[in-house]
Amino acid sequence: MHFDKSKIRNFCIVAHIDHGKSTLADCIMSVTDTVAPRDAQPQLLDSMDLERERGITIKLTPVTMKYEYEGETYLFNLIDTPGHVDFTYEVSRSLKACDGAILIVDASQGIEAQTLTNVYLALDNNLEIIPVINKIDLPSARPDEVKKEIEDVIGLDAKDAPLVSAKLCTGIDKVLEQVIHLLPQPQGDEAKPLKALIFDSYYDAYKGAVSIVRIFDGKVKAGDKIKMMATGKVYDVTEVGIFTPKNTALDELAAGEVGYICASIKNVADTKVGDTITLAENGTKEPLPGFKEAQPMVFSGVYPVDGARYDDLKDALEKLKLNDASLMYEPEVSQALGFGFRCGFLGLLHMDIIQERLEREFDLDLITTAPSVEYIVEKTNGERIIVSNPSNLPSSSEIDHMEEPVVKATLLTPPEFVGPIMELCQNKRGTFINMTYLDTSRVSLVYDIPLNEIVYDFFDTLKSRTKGYASLDYEIKGYERSSLVKLDIMLNGEICDALSIIVHKDRAYERGRRIAEKLKDVIPRQLFEVPIQAAVGGKVIARETVKAVRKDVLAKCYGGDITRKKKLLEKQKEGKKRMRQFGSVELPSEAFLTILKLDSDD
Amino acid sequence: MKNLGVYVHIPFCLSRCAYCDFVSSVLKGDASICTYVEHIQKEIELLAQNGVFKNRVVDTVYFGGGTPSLLKTRYFRSILETLRLNSREEAIEMTFEANPATIDIEQLQELKSMGFNRISLGVQSLNDKTLKAINRRHNAKEALEAIEMAQKAGLSISVDLMVGLPYQTNEDIKTFVDEVLKFDVKHVSVYMLSLEEGTPLKALVDSNKIKVSDDDEKVELFDYASKLLKEKGFVRYEVSNFSKPGFEAKHNFKYWTRDEYIGIGLNAHSLIDEERFYDKATFDEYYKDLDEGRLPHVLEAKLDKDSIKEEYIMLALRTNQGIILKDYFEKFGKDFIEEHKIAVHSHEKELNISQNSISIKEEYLNVLNQIVIDFI
């Protein structure tokens, strides 16, 4: 069955987190009878529990819907985009698959940092944009001001922007009418060689890695031999189809359409987001532009609390990797933590999600080391190496200089928090770039900030200092030379490798002191005194002591009630089992967490 | 024939001490004691019917509480008579606990004549302000008079000292040891106060109305008491117990050596035939079972070999004799040191290791758990 391209609209919804993107998507689906009401769980597009809990969408799931308008049937392909900075590249690929976008702005909060980032991304991709004002049912809604904000800040005409309440599902027909009239039909030529953009993929136990694609030119059907242009690998297509939102097989996908291709591909790593699929014979020579390999930005050691569960962790990572090509991991051995993995993530949220999924879906207790970034180290012998694990940093005498990744961070805030934010950015070694008043109630601040400062609880501190009113977005700017040192933590005189971090020289003293203080609070008193020292290049810069325990005995034993005593001892023994033995020192898992949350204003 | 310890629980007090969370009730009248004693007798008879006293010799008897000294001597007599009628009683040690405020010389002499040869006096402190704060019924003067009375009655005397109490200082500890040891006291139990949920003292501390020592301060006080007692020739033969050599509490020692004991009375604990059980903890339940001809027992555990071993280690390490290696081998068929190589090695510093035994050095008894958990 072929659909007239003039009746197809491929679009996405862009918004800041929490402005109602998923709720609007649900609402559009219910208006188009795409999901029977009984199936309509809240926020259907967010497939993972975790995403639903956090109210954010990570995974991109397109939906094909039919909509009757003035006697004609239209086909809408709604492409969801992740709303988080970690997934900027994925967002850009999804936008590429669209011809237009609905921009949702919260009627009470107005434009936020991610609204801007995502709008600019959409504009960069030449998408037509329909602004929509959401949450007009809220008493604090100020639609006229927000319209003006959209016009002033983004430069979009918002005069006719539909006012909707996605929650109550009101005003949606107006939105769909504008989709039909204002968004362009897809371009492309069925007669040309196949060009299909992979903008997402997922793993299916029966069908293998499934590519989610937008067809730009040509056609594809079951039985075709296709080629992945980035990897050169060739596969036989077993099935093509669309999402309604369940997989529905079709005879063929043609230019302008959005759907999926199955080809018995074993690994999602072979269905790279951004890659172009063409036919193995008489394919196109020109891939679609913009393909990039997924680039992990944040790294952390991940270890099972119970060392015996290393293999379980390995299996779990393998399973997650099936569905998440951007997750990188390799085995790593730590003196303190034993066998584990060094994992690379797209960003902090991605890291959080993976860790939480490992714990929840695979029932693992994990210890994770402080998140780190990739440093470029130029050695005195001229060799340039990349280091993400502080333990692998060469000794200072072998280092000529180091470079660290820096991001361009955009912060949007009500004016009253400009002071605290500037102070925070200053503390985080930020370089001020500019400040713009978007209107009387919103200020945009742009700073260059080293990524390693962002990965240390920048978000938490920002949230607490601005009562949650400021928003942050960032993009990688590049590498800059920096005076970095390795900060070691010594317990009972021995360096605990899992606690080492790489920090800027000027921050080493302060951070060392705080780590030592925090560790003192979480390390339980033991039979002997445990000195905690923070050291840079062998020189101790801070010291705390965990005093020896004085009392740990069950004294009362009247009338021979032994059982209660035994139970208490057994409980204590269980607690001890959860400890990590480092030399003669026992460390609780929290010890490794303390350095993750160091600069919070607590 | 096996030896058997008999523990009789007397759950009555004239008033409740501020730190106490034991099963005891404030006395309402003699009638309730009379009913209780009748049930104790009934329980002894049922135990006999169930064969508990068969092939066993009662070699220690201990009346604990509560406040056993509240009982009129005729009640002691009735209980003992029933016990003697139903078992082979050849006790070498017969102890009763007493509150210094509730004894008189005639009573002590009578108890002596019945066979009691040891008294455990709950002195706790000789600072009147402290005694008042914890709601003890006696003052320092009465406590010393009680000790003198016990001495006159010819009883072997044990006193309790509690450390970590409100207003307590090192000075108080010194006064306590000096004053108490002016008498012929052979045994001192030293306890660190533990604040239990639901006690009046806990509530006072939580609401900052009264201050008690923290753990480190308690240990300071304890160590000071320990030092003074040792200077006077006492030996710390168990975590909380000090005695002149040869005057260790024989009944209590059974708890550490896992010898058999039968508990009689409300919530009293027993170890018989490698089963741990206790009597029901409310009067209603306890009476009901006995009235219907059943033993009011609640089984806690039938101990298997591993649990026995675990108990053996954790209890033996509380004592200065420690684990007797030969005895351990005979009981469990394993060489203790070989079996616990790693723990022995990592705790070398805290252990006395000789050819015959392994024990924990006295200075580490207050951190016993840290060591024991590596052995079980």
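The values are calculated or read from the model by the stated rules, or taken from the named source; none is laboratory data. Just so it is clear, the model here is predicted, and its values are computed rather than measured. With ideal geometry, Cβ positions are generated from the backbone for all residues, glycine too; neighbour counts draw on all protein chains shown. Note: accessible area is taken over every heavy atom of the protein model, side chains too, but ligands, DNA and RNA are not part of it. Shrake-Rupley method; radii C 1.70, N 1.55, O 1.52, S 1.80 Å.
What to note about this one:
- Here the stretch B:11-37 is the region considered, the condition is being free of Cβ contacts under 8 Å to residues at least 60 places away in the same chain and over 28 Å from residue B:133 (Cβ atoms), and the residue that is surrounded by the most Cβ atoms within 10 Å (Cβ to Cβ) is B:37.
One line per residue, one yes/no per condition, for (1) touching a residue at least 60 places away in the same chain (Cβ under 8 Å); (2) basic (Lys, Arg); (3) within 14 Å of chain A (Cβ to nearest Cβ):
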residue	(1), (2), (3)
B:260	yes, no, yes
B:268	yes, no, yes
B:276	no, yes, yes
B:279	yes, no, yes
B:286	yes, no, no
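- Residue within the stretch B:321-340 that is in contact with a strand residue (DSSP E or B) (Cβ under 6 Å, 6 or more places away or on another chain), surrounded by 13 or more Cβ atoms within 10 Å (Cβ to Cβ) and within 12 Å of another protein chain (Cβ to nearest Cβ) present: no
- Every residue from the stretch B:219-244 that is touching a strand residue (DSSP E or B) at 6+ places or on another chain (Cβ under 6 Å) and in a loop (DSSP other than H, G, I, E, B): B:234, B:240, B:244
- Per the listing A:356, A:416, A:423, the residue uniquely surrounded by fewer than 21 Cβ atoms within 10 Å (Cβ to Cβ), within 17 Å of the chain's Cα centre (by Cα) and in a helix (DSSP H, G or I) is A:356.
- Total residues in the stretch B:345-361, condition touching a strand residue (DSSP E or B) at 6+ places or on another chain (Cβ under 7 Å), buried (at least 16 other Cβ atoms within 10 Å of the Cβ) and within 30 Å of residue A:582 (Cβ to Cβ): 5
- Meets criteria (within 10 Å of chain A (Cβ to nearest Cβ) and either modelled with pLDDT of 95 or more or open to solvent by less than 10 Å² (accessible area, probe 1.4 Å) (or both)) for residue B:311: yes
- For the stretch B:171-220, the tally of residues that are under 22 Å from residue B:364 (Cβ atoms) and away from chain A (no Cβ under 11 Å) stands at 2.
- Residues in the stretch B:155-175 that are closer than 17 Å to residue B:244 by Cα and either of a type outside the set (A, V, I, L, M) or in a helix (DSSP H, G or I) (or both): B:156, B:158, B:160.
- In the stretch A:542-555, residue farthest from the other protein chains (Cβ to nearest Cβ) [restricted to those that are buried (at least 18 other Cβ atoms within 10 Å of the Cβ) and in a strand (DSSP E or B)]: A:542
- On the stretch given as the stretch B:255-270, residues that are open to solvent by 10 Å² or more (accessible area, probe 1.4 Å) and in a helix (DSSP H, G or I) total 2.
- Members of the stretch A:559-592 that are polar (S, T, N, Q) and surrounded by 18 or more Cβ atoms within 10 Å (Cβ to Cβ): A:563
- Apart from one condition, residue B:243 fits all of (1) within 14 Å of chain A (Cβ to nearest Cβ); (2) more than 21 Å from residue B:49 (Cβ to Cβ); (3) open to solvent by less than 50 Å² (accessible area, probe 1.4 Å); the exception is (1).
- Among residues of the stretch A:526-541 being touching a helix residue (DSSP H, G or I) at 6+ places or on another chain (Cβ under 9 Å) and part of a loop (DSSP other than H, G, I, E, B), the one that is nearest to the other protein chains (Cβ to nearest Cβ) is A:527.
- Yes/no for residue A:563 being within 10 Å of chain B (Cβ to nearest Cβ) and either closer than 30 Å to residue B:239 by Cβ or assigned to a helix (DSSP H, G or I) (or both): yes
- Of all the listed residues (B:7, B:36), the sole one being within 14 Å of chain A (Cβ to nearest Cβ), among the aromatic types (Phe, Trp, Tyr) and not in a loop (DSSP other than H, G, I, E, B) is B:7.
Each row is one residue, and each column tells you yes or no for (1) of a type outside the set (S, T, N, Q); (2) part of a strand (DSSP E or B); (3) at pLDDT 95 or above; (4) open to solvent by 10 Å² or more (accessible area, probe 1.4 Å).
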| position | (1), (2), (3), (4) |
| --- | --- |
| A:105 | yes, yes, no, no |
| A:118 | no, no, no, yes |
| A:138 | yes, no, no, yes |
| A:141 | yes, no, no, yes |
| A:146 | yes, no, no, no |
| A:149 | yes, no, no, no |
| A:152 | yes, no, no, yes |
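- Taken over the stretch B:288-326, residues that are within 22 Å of residue B:373 (Cβ to Cβ) and part of a helix (DSSP H, G or I) amount to 13.
- Residue within the stretch A:522-533 that is closer than 16 Å to residue A:456 by Cβ and crowded, with 22+ Cβ neighbours inside 10 Å present: no
- The C-beta contact set for the stretch A:568-585 (first residue farther than 24 Å from residue B:310 by Cα, second residue crowded, with 16+ Cβ neighbours inside 10 Å and among the β-branched types (Val, Ile, Thr), distance under 7 angstrom, 6+ apart or interchain) comprises A:585/A:530.
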